[in-house]
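First the structure, in the form of structure tokens, and then the observations on it.
Derivation of every value follows stated rules applied to the coordinates shown; laboratory data play no part. Remember, it's a predicted structure, so these values are computed and weren't measured experimentally. Note: ideal-geometry Cβ built from the backbone for every residue, glycine included; neighbour counts use all protein chains shown.
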Amino acid sequence: MRAPHTERGRLVLVLCLAAAVTLFTATVPLLRGWFDLRVYYGTVDAWMHHGGHIYDYRVPGTTYGFTYPPFAALSMLPMAFVGLSTAIVCALLLNLAAVSFVLWILIGPELRRYGWFGWALAACALALLEPVRDTFSFGQVNLLLLALVLTDAWLLSSGRGRFAGIGIGLAAAVKLTPAVFIGLLLIARRWRAAAVATAVAVAATLLAAWAAPGASRFYWAHALWDTNRVGRLDYVSNQSLQGVLARLAAPDDPSHAAWALAVLAVLAVWVWRTHRALRSGDWRAAFALTGLTACLISPITWVHHLVWLLPSFAVLVHARRLRLAAVLYAVLCSSVVWLWFDDASGIDGFLGSNTYVWITLGLLLWLPVGQPRADRLPLSQSASATTAPTANPAVPASTALAGQSGAAAAAVGTAVAPDRDTAGRSGRSEPTGVTRPAAVKPQSSSERASS
């Protein structure tokens, strides 16, 4: 089925898609009442106006509080000077801006080619994707962090490597998981960008330590090492390797040794596949593989964290794996893991409750790496005498949105490929969103808080 060629036909198609998205979101309990945003807002409000401590605040009637590093609270201070409703509107606008920027990075040329029609199709597709809709509904920060990381990708690919690393450093200071992208820069021998990212993360952390010394000491000495403050490891929303092991061991604690071995295995695969991608100049795949690895090795990866899979969809679409992209997209829209919300035992529970983990792991193992040479455009190479020259292509965007009815749902484009540098949670925040019968709270207080 080909996309309509007339403006009227395109408008009718977009209206039908918008109606389908509206029907879906109206009939499935997706709205989370901005719970995570209320955690952020209550934390900074109590800190600034009531003499409270960052990690002492709890959302009234729950056990959920702040779980991010202190710099995250510092960066959210402007919320303390506005009302909650204003903060919600600002969060919506920031997430809309972030998702627009991510789309521009991943499929910018296609969006410019098809104008409003391309943007409308992409918006409808992303509105159904569970990690994206949960990020909006909880008022989460995942899309903002993804945009920061992709900003560095854009800087490197456009010859502005002097400032590359700032986005990754800021993202790592707000939430620790994006720090794995510093590892990517090291593997790629982007020494300057890696140094900038590290320096920014350290500087932001020291700034937070100066602004809130007590909270900083508590976080780095205690809160960071206590995953129970974030939530239950065996909660079905935890789609990480640790979540798989925790559900297998429940009600006992998972083996730390087994988790460490699994993490080491994933890191080994990541280094191997990323190095292979970089040798062929396939930077979009390198960034995608790093996002997948971050989701797998993090002790807790709530469903809304899986926005880090978007660059992998970009790689699939660029590699013409449209059917696979559409199938994986449909699964990630289905909220299928919540079928095992109450009981993840048995073979069906092992396979079904970890569906998103299997998708992430499968992409890490089999994501297409090494774009065809004809698709690559050479970028400037480092003049390092100790480093073998490596072609660094400017990555073209993915196939057109039009004419791909199955691909429209998976249209997340291709990640930008950076070139070489010029110089050589006392609390927990709210759990992730769920698709299940509505409850008094977004999730039971015995389950988990989002991070």
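Taking a ≥ b ≥ c as the square roots of the eigenvalues of the alpha-carbon gyration tensor, the stretch 160-289 is classed oblate because a/c is 1.5 or more while a/b is no larger than b/c.
In the distance distribution for the stretch 55-144, Cα-Cα pairs more than 23 Å apart total 36 percent. Of all alpha-carbon pairs in the stretch 110-150, indicate the percentage at a distance above 16 angstrom. Here the long-distance tail beyond 16 Å is 49 percent of all Cα pairs in the stretch 110-150.
For a test of the definition: using alpha carbon positions, the gyration tensor, and the 1.5 limit on a/c, classify the stretch 177-221 as rounded, prolate or oblate.
On the way: a/c = 4.85, a/b = 2.37, b/c = 2.05.
It is prolate, given that a/c is not under 1.5 and a/b is the larger ratio.
Determine, for D342, D134, the number of other Cβ atoms within 10 Å of each Cβ, and report the residues in order from fewest to most. Working shown, then result.
Details: D342 9, D134 28.
Exposure proxy ranking, most exposed first: D342, D134.
The alpha-carbon atoms of the stretch 1-95, seen along their principal axes, cover 60, 25, 23 angstrom, with the largest extent given first.
Please report, to one decimal in angstroms, the Kirkwood hydrodynamic radius of the stretch 280-320 built from all distinct Cα-Cα pairs.
Computed over Cα pairs of the stretch 280-320, the Kirkwood hydrodynamic radius comes out at 10.7 Å.
3J(HN,Hα) along the stretch 305-312: 6, 6, 4, 5, 7, 4, x, 5 Hz, from the Karplus curve 6.51 cos²θ - 1.76 cosθ + 1.60 with θ = phi - 60°, whole Hz, x for Gly and Pro.
Can you give the translational diffusion coefficient of the stretch 242-359 in µm²/s, computed by Stokes-Einstein from the Kirkwood radius over Cα pairs at 4 °C and 1.567 mPa s? Before the final figure, lay out each step's value.
On the way: Rh = 15.5 Å.
The diffusion coefficient I find is 84 µm²/s.
Compute the orientation-averaged projected area for the stretch 95-208 from the convex hull of its Cα atoms and round it to one decimal in nm².
On the way: hull surface 31.3 nm².
One quarter of the hull surface, i.e. the mean projection, equals 7.8 nm².
A straight chain from L96 to W225 at 0.36 nm per residue would run longer than the Cα-Cα distance by 43.1 nm. Between L206 and W358, the simple spin-label model (points 7 angstrom out along Cα→Cβ) gives 4.8 nm. In plain terms, the residue of V202, V307 with the fewest other Cβ atoms within 10 Å comes first and the most crowded comes last, giving V202, V307. Exposure proxy ranking for C295, C124, based on other Cβ atoms within 10 angstrom of each Cβ and starting from the fewest, stands as C124, C295.
If you take the Cα centroid of the stretch 92-162 and the Cα centroid of the stretch 283-358, the two points sit 18 Å apart.
3J(HN,Hα) along the stretch 108-115: x, x, 5, 5, 5, 5, 9, x Hz, from the Karplus curve 6.51 cos²θ - 1.76 cosθ + 1.60 with θ = phi - 60°, whole Hz, x for Gly and Pro.
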